[in-house]
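J.: Questions regarding the structure given below will be posed in turn.
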Amino acid sequence: MKPSLDDIDKKILALLMDNARLPVTTIAKLVGVARTTVIARISALEKREVIAGYGLKLNPSMYQAAVRAYVGLSVEARYASGLMKYLQQLPEVETLCAVSGAIDYMLTLHCATTEVLDKLLDQIGTLDGVRQTSTAIILSKRIDRAINQSAAIRVTGLVENSDSYRDYFNLKRSGINPTLALRAGANTSVVVGYEHFKDERTTDRGIPSFLGKPIKTDPSTFFGDPDLSTTWSKVDAFSALIEHDFGAGISLRNRTRYAKYDKFYQNIFPDSVNATGTSVALKAYNNATQRDNFFNQTDLMFSLATGSVQHKMLAGVELGRQVTDNYRNTGYFTVAGKSVSSINVSVVNPLSNAALTFKQGATDANNHGVATIASVYLQDQIEFSPQWQAIVGLRRDSFAMDFTNNRNLENIQVTDTPVSPRIGLVFKPMPTVSLYGSYSLAFAPRAGDQLGSLTSSNQAFDPEQFKNLELGAKWDILPNLEASAAVYQLDRTNVVIPDPLDVTRSILVDGQRSKGVELGMTGKLTPEWSIMGGYAYQDAQITKTQSASIKAGAVVAQVPTHSASLWNRYDFSQAWGAGLGLVYRGQIYASNDNAVVVPGFTRVDAAVFYRVNKNLQLQMNVENLFDKNYYASANSNNNITPGAPRGLKLGLNASF
């Protein structure tokens, strides 16, 4: 039977529930009764077991459990490299994965409290290049493949064998990635992993152009020899992560990755079409690349306060070594002569099975390069107040290249020591609005495949430079609906691009400037209706004349002035949902000489979702719903990829 309580009992209980150590005298004054009355009442409540005991109430920050969350990122491609470097320095980032679908990357964050998570999400949302974010807090872990309390193992696998709307195309790839996590003491964790991946596919360079636009042909038409156009790559990689928490907000993290890459690329591809549009030239080459990478990064994270200003510090060292061997051959069509590197075929039937011999031409690469990197960096994330925050960082790199041309034994040794500053300022005039500005200067060393296609020179080994200015705003219109806007200017120097006169080679461009505006919105308009959309205006130009074909004022290749996308999903019930989306891209130039225009397009996509039960979901996607002919991308004036016709994909997602 529930005990009966009068108003005096209820007032005494309310005060004790708020503070069980409240003096009896104080309670008597607040309730308006005598001290002896309070003592008698409390004694009676204890005997009747209305008061079952007295406990301790901690500050929530002392006992709140750590929070984990999945964060999806939609990223501008031009910022991806710098963004990845920044995110890997954040101690809260557990994993970072590139994914397919509507978003580009998926993060797993581990934060001490929801307040820390909220601030980190604001910080990530204002980074250069982040168009949209979506966050899901992990409520519980339903399956944990733990070996014991100190060890867990995960194995990820991939197998694919697929064809395409493009004639003769085939893709085979497979991979396995076992990962072992160990708890080496109360404050130390170790994660080690191994990755084996193999990819084999038909090399498809698309279709050529005629009279300044893509040649009219069926989207499936293959140009060249599919039997001899083959590419394969193999990767074996080892990774290790060690983290130690010293307490008092101080932690240390070390990442190591060693990888061996073996790649072979061979293709017979279309070149220029003749003046009458009846025949097309075919050329051929192959390239073999072996590469060994070793990178090690150590980060020290700690917090400190200077008066009321809070600092979250990051100091680190990165060391790396990459050894690359390139060997390139030109294809010679011996049916026409021992030194003939091009033949013509009909555009109506542009296949060839002509005999080919691959051997080194006068300018083909046979190179050995050793690139070493040593970097130190310091970053301070400053919180002046709940409204004002800043990020200030400085990085100094040492990029050293030891390059040998095995054909003539020429050796070039170059060392660059650029300094990269970064500063960002965030102002929150209200909890739902963030205004930010940022400036950054970054450098990317010359390495990898670039070493096989550039003419050897000191300038060829200078790092590429990126200078970016950006102003933007984020607005939480509703609790589940976010809008963003940004204006930016990006200057790039010493940029590697395909040579418009010879697509098998690369050249350097010493000036590109991109200015633009980006708008985005993501979230839920209603509990059933979610959207993700964006618009971008870009003005990207060559700022300096580079050659007779690439002049100042030319539009940067493959950059549309206008582009937009919008995806809607509506859930009719807990089981059924549907999606509809639009993708728009304005016209682009296929190359920096602006000789070929690739038309713009608008594509409509759709999807249907059905949840059978909590563990099983079916999904059907229809891409290019109205079967529109369009051109998806271009690598050069005569390597243009037609867009896929209407396609249907069925998916099954099962959890156990």
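J.: Restricting attention to the range 355-426, which trypsin sites (Lys or Arg not before Pro) occupy a DSSP loop and are surrounded by at most 15 other Cβ atoms within 10 Å?
T.: R407
J.: Roughly how many debye, to the nearest 20, is the charge dipole of the range 150-364 about its Cα centre, given +1 on each Lys and Arg Cβ, -1 on each Asp and Glu Cβ, and no other charges?
T.: With Lys and Arg at +1 and Asp and Glu at -1, about 200 debye.
J.: Now a separate question. Relative contact order (percent) for the range 150-364, with alpha-carbon contacts under 8 angstrom and 6 or more residues of separation?
T.: Dividing the mean separation by the residue count of the range 150-364 yields 15 percent.
J.: Which whole-number percentage describes the relative contact order of the range 519-644, with Cα contacts under 8 Å and a sequence gap of 6 or more? Can you show the working numbers first?
T.: Details: 289 pairs, mean separation 21.8, N = 126.
Relative contact order of the range 519-644: 17 percent.
J.: Now a separate question. In the structure shown, do any of K216/K263; K474/K628; K263/K467; K234/K359; K283/K467; K213/K628 have a Cα-Cα gap over 26 Å, and if so which?
T.: Long pairs (Cα-Cα over 26 Å): K216/K263; K474/K628; K263/K467; K283/K467.
J.: Can you put T108, T417 in order of Cβ neighbours within 10 angstrom, beginning with the fewest?
T.: The most exposed by this proxy come first: T417, T108.
J.: Considering the dipole of the range 528-634 built from charges on the beta carbon (Lys and Arg +1, Asp and Glu -1) around the Cα centre, which of S530, Y584, Q541 is farthest to its positive end?
T.: Value: Q541.
J.: Normalised by the number of residues in the range 148-204, what is the relative contact order in percent for Cα pairs under 8 Å and 6+ residues apart?
T.: 35
J.: Still on this model: Treating only the Cβ of Lys, Arg, Asp and Glu as charged (+1, +1, -1, -1), what charge dipole size does the range 280-368 show about its Cα centre? Round to the nearest 20 debye.
T.: 300
J.: Considering the dipole of the range 143-274 built from charges on the beta carbon (Lys and Arg +1, Asp and Glu -1) around the Cα centre, which of Y165, N267, I176 is farthest to its positive end?
T.: I176
J.: With point charges of +1 on the Cβ of Lys and Arg and -1 on the Cβ of Asp and Glu, referenced to the Cα centre of the range 150-364, which listed residue (Y327, T203, I215) lies farthest in the positive direction of the dipole?
T.: Final value for the positive-end residue is Y327.
J.: How high is the FRET efficiency from V317 to H562, r the C-beta distance, R0 60 Å, rounded to 0.05? Numbers along the way, then the final one.
T.: Numbers: r = 43 Å, r/R0 = 0.72.
Computed FRET efficiency for V317 and H562: 0.85.
J.: Hey, another quick one. Order of D627, D236 from fewest to most other C-beta atoms within 10 Å?
T.: Values: D627 10, D236 14.
Sorted ascending by nearby Cβ count, the order is D627, D236.
J.: Something else about it: Among residues other than Q619 whose Cβ falls under 10 Å from its Cβ, what is the net charge (Lys/Arg +1, Asp/Glu -1)? Walk me through the numbers on the way to the answer.
T.: Values: positive: R611, K649; negative: none.
It works out to a net charge of +2.
J.: Once you have all Cα-Cα distances for the range 536-611, histogram them in 5 Å bins from zero and send the whole-percent values.
T.: Reading upward from the zero bin: 4, 14, 18, 14, 11, 9, 9, 7, 6, 4, 3, 2, 0.
J.: Here is a follow-up. Going by how many other beta carbons lie within 10 Å of each one, how would you line up S342, S308, S438, S229, fewest first?
T.: Values: S342 14, S308 8, S438 20, S229 23.
Neighbour counts put them in this order, fewest first: S308, S342, S438, S229.
Read-outs throughout are calculated quantities, based only on the coordinates presented, and are distinct from any laboratory measurement. A quick note: this is a predicted structure, and the numbers were derived from the prediction, not measured. Using ideal geometry, Cβ is built from the backbone for each residue, glycine included, and neighbour counts are taken over all protein chains shown.
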